Amino acid sequence: MEEANFAFIIGILFILACLTEKMGLSAIVGAFLFGISISMIPRFKTETMSYRINGISNGFFVPFFFLNIGLLFDVKAMGNVGLFGVVLALSTNISQIMGGFIGGKISRFNLKDSLIIGIALVPKNELTLIIASVGLNMGILTKDIFSAIVLVVIVSVLITPLMLRFAIRDKEVIDE
């Protein structure tokens, strides 16, 4: 039964990806929306199903997605966005930290734990890359702006472990 469910999921995934492509959107939009929908159906929320879907997505689809993003990224375009790229990187990272911090405070975490929560949310940018690639494909974003967004994602992923290291180290000193 698990094999039939898995085959059904993969089949519908490809059909919806093709349909969204035909509608003028990116195939990844259909796949993403289907993934969100299917995750809410108890019949498909088994450990075996999760393992299989994660295996095929992380082992096949995700690497190709990031390869595609890397091929679309234009290093030369970074010279054209200079200050905009810096402001974009700072504002997105600060807003993500603030959002997590506020959520932590609302949930009654102390200041330090709320800051750690905020910092930990910084590298959550998969959806940003999906939307940016759709925007580029539809002509809404220029190559320069797309490259600035990709750079922001890269910077976010690289600086988060360093920020977390300092926040957690300071927390350990305070807690002792």
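Summary of computed values
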read-out	value
Helix runs (DSSP H) in the chain reaching 20 Å along axis by Cα, Kyte-Doolittle at least 0.0	2-22, 78-106, 143-175
Estimated [θ] at 222 nm from DSSP helical runs (n ≥ 4, -39500 (n - 2.57)) normalised by residues in the chain, nearest 500	-26500 deg cm²/dmol
Relative contact order (%) - the range 1-117, alpha-carbon pairs under 8 angstrom, separation at least six	13
Neighbour-count ranking [beta-carbon atoms within 10 angstrom, fewest first] of 41, 97	41, 97
Check: the range 75-175 dipole with +1 on Lys, Arg Cβ and -1 on Asp, Glu Cβ, in debye	20
Dipole of the range 2-72 [Lys/Arg +1, Asp/Glu -1 at C-beta], most positive-end residue of 36, 48, 4	36
Efficiency of FRET between residue 39 and residue 165 - r from beta-carbon atoms, R0 35 angstrom, step 0.05	0.65
Virtual spin-label span in nm between residue 12 and residue 78, 7 Å along Cα→Cβ	4.2
Anisotropy class of the range 2-72 from Cα gyration tensor, a/c 1.5 cut	oblate
Cα-based Lys proximity count in the range 75-175, under 25 Å, for pairs eight or more positions apart or on separate chains	7
Residue exposure sequence - 21, 3 - by fewest surrounding Cβ within 10 Å	3, 21
Within a Gaussian network of the chain (alpha carbon springs, distance under 10 Å), most fluctuating of 152, 86, 122	86
Additional length obtainable on full extension of the chain from residue 67 to residue 90, 0.36 nm per residue less Cα span	5.7 nm
Residue 138 versus residue 56: modelled label distance in nm, points set 7 Å from Cα along the beta carbon direction	2.8
Answer label, with P(r) over Cα pairs in 5 Å bins from 0, in percent calculated from the coordinates and candidates [x] 1, 7, 12, 15, 14, 15, 14, 11, 7, 2, 1, 0; [y] 1, 8, 16, 21, 22, 18, 10, 3, 1, 0; [z] 2, 9, 19, 24, 22, 16, 6, 1, 0, 0	[x]
Ranked list, fewest to most other Cβ atoms within 10 Å of each Cβ, for 127, 33	127, 33
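Each reported figure results from applying straightforward, stated rules to the coordinates on display, with no laboratory input. In this text, all values refer to a predicted model and were calculated from it rather than measured experimentally. Every residue, glycine among them, receives a Cβ derived from its backbone with ideal geometry; neighbour counts consider all protein chains shown.
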